[in-house]
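The values are calculated or read from the model by the stated rules, or taken from the named source; none is laboratory data. Only a predicted model underlies this, so the values are computations on that prediction, with no experimental measurement involved. Note: ideal-geometry Cβ built from the backbone for every residue, glycine included; neighbour counts use all protein chains shown.
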């Protein structure tokens, strides 16, 4: 029996002779000690001594074990020198690689910690000057498409940035009856002066995700900031398994439906094929006032957001408030008047082939109207929005080619699309927030020719419909979303100024955006110390405008160098 034990030990050593100095060396050394103890080839005192050294993480334990194996004639002198030399080489490599050590896993007595993230440097080239960083805005918002009357329309833009660099930490604990986890992820794309809750949290430092989860008996509870439940998953309904576009651009692709915000989510798994989830999520309303002007300064209602129109008079005397900026220090674009959360429900199916989802969304919008200058004549206004959709992920060629598609249609869903169209428009007469109809559509094809190369293409679209247009006569007021009177041909030529209209003069609004994106990632190093890869992408976008004036085109090329250690 003793010879059998020695043979097993030699076989064990022959399988993993050079692993004893790597991250899992403690496990290997412990296994060897257990075999030596079981076969009575080591004294209890020596076993206890080496076990304590292993537990405390002291160095040179490997050398002592090698000496012990040589002393017991389990390995020859030549094998001892060979293994000792390899151990020394790997120890030196681990200490000098990249000038520092990056352990992937750190374990406490009860919780496993996984360090993740990457260093990113992205080169950006746009044929329009937007002033954006690595996140392109696919609309007419600040940092988005410039109009033809702007000098920016005729200038290219080059930018190099490392702000997409990301850090993450995953903590996991396992009980007999439950699994506990906590996850924190951040990057450096926050902007303190324009931080908001619109689609992602952009406060500085920017928390991308920060949540805890508890899973037991087929139930899963998640609380904190994470990808919205409406975001497509790769399988089931599992956090950190979302199907995010592989684009370099952190603005992703128009038609991609998502948010990252605070939420409380409950998921029930019915076996491995069906999952049902319900999430209560932090709201934020994206609104447009149309052509409504701000109240005149120093009037009793100057704290309100907009002056409403009175169809029976040339001068309006009614007002509406849609932001939570009164008596606080928040930026005007930071907070909307939200009184109820967004509600998201999803059912996911995972049969033998593919992944399928259906989902729904309920939203609630709030404003307050002042009728005339009478202090007691005020009212609260509540309206609702909704969205329904579905998604599919098909392994056309398993492990080689994947086809995906997703759609969301409804009213008041602009916040959930990558292009960030408005959710609502202020009704120019009543002050209610009327939801805007929209559809969001995304198709994608991803190929993995080998374990180092990923190639992707996405085609996306977001389209809105006009709402609350009263007319085009200045004396009667016009208002609404998508009114053709907002856009004039003066915007077609550089330096053109429309001027003269009620309120802001000219308010060009986009009706639709289409995009096709091509790109890929190649890992030129993939090994024990992480992954080094380079990514290339090109996105061509067409923005359609209300008012029958020419649309806008923009091309965005990016090259990314990325080192990830997870």
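Here are the numbers:
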read-out	value
Failed item in (1) more than 12 Å from the chain's Cα centre (by Cα); (2) surrounded by fewer than 17 Cβ atoms within 10 Å (Cβ to Cβ); (3) at pLDDT 95 or above, with residue 203 passing the rest	(3)
Filter result (outside any strand (DSSP E or B) and more than 28 Å from residue 206 (Cβ to Cβ)) within segment 157-186	175, 176, 177, 178
Tabulated pairs, segment 321-347, first in the same structural domain as residue 425 (by TED's automatic domain parsing) and closer than 30 Å to residue 267 by Cβ, second modelled with pLDDT under 80 and assigned to a loop (DSSP other than H, G, I, E, B), C-beta under 7 angstrom, 6+ apart or interchain	335/324; 336/324
Meets criteria (out of contact with any helix residue (DSSP H, G or I) (no Cβ under 8 Å at 6 or more places or on another chain), modelled with pLDDT of 90 or more and either outside any strand (DSSP E or B) or surrounded by fewer than 12 Cβ atoms within 10 Å (Cβ to Cβ) (or both)) for residue 136	yes
Residue count, segment 425-468 (criterion: part of a loop (DSSP other than H, G, I, E, B) and either under 27 Å from residue 286 (Cα atoms) or at pLDDT 95 or above (or both))	11
Complete set of residues in segment 469-519 that are assigned to a loop (DSSP other than H, G, I, E, B), modelled with pLDDT of 70 or more, within 37 Å of the chain's Cα centre (by Cα) and more than 30 Å from residue 246 (Cα to Cα)	469, 479, 480, 482, 483, 492, 494, 507, 508
Some residue of segment 219-233 being surrounded by fewer than 21 Cβ atoms within 10 Å (Cβ to Cβ), touching a strand residue (DSSP E or B) at 6+ places or on another chain (Cβ under 7 Å) and part of a loop (DSSP other than H, G, I, E, B)	no
Which numbered condition residue 434 fails, given (1) over 21 Å from the mean Cα position of the chain (by Cα); (2) at positive phi	(2)
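Residues checked against (1) assigned by TED's automatic domain parsing to the domain that holds residue 418; (2) touching a helix residue (DSSP H, G or I) at 6+ places or on another chain (Cβ under 7 Å); (3) under 30 Å from residue 132 (Cα atoms):
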| site | (1), (2), (3) |
| --- | --- |
| 182 | yes, no, no |
| 199 | yes, yes, yes |
| 208 | yes, no, yes |
| 235 | yes, no, no |
| 264 | yes, no, no |
| 271 | yes, no, no |
| 277 | yes, no, no |
| 291 | yes, yes, yes |
| 294 | yes, no, yes |
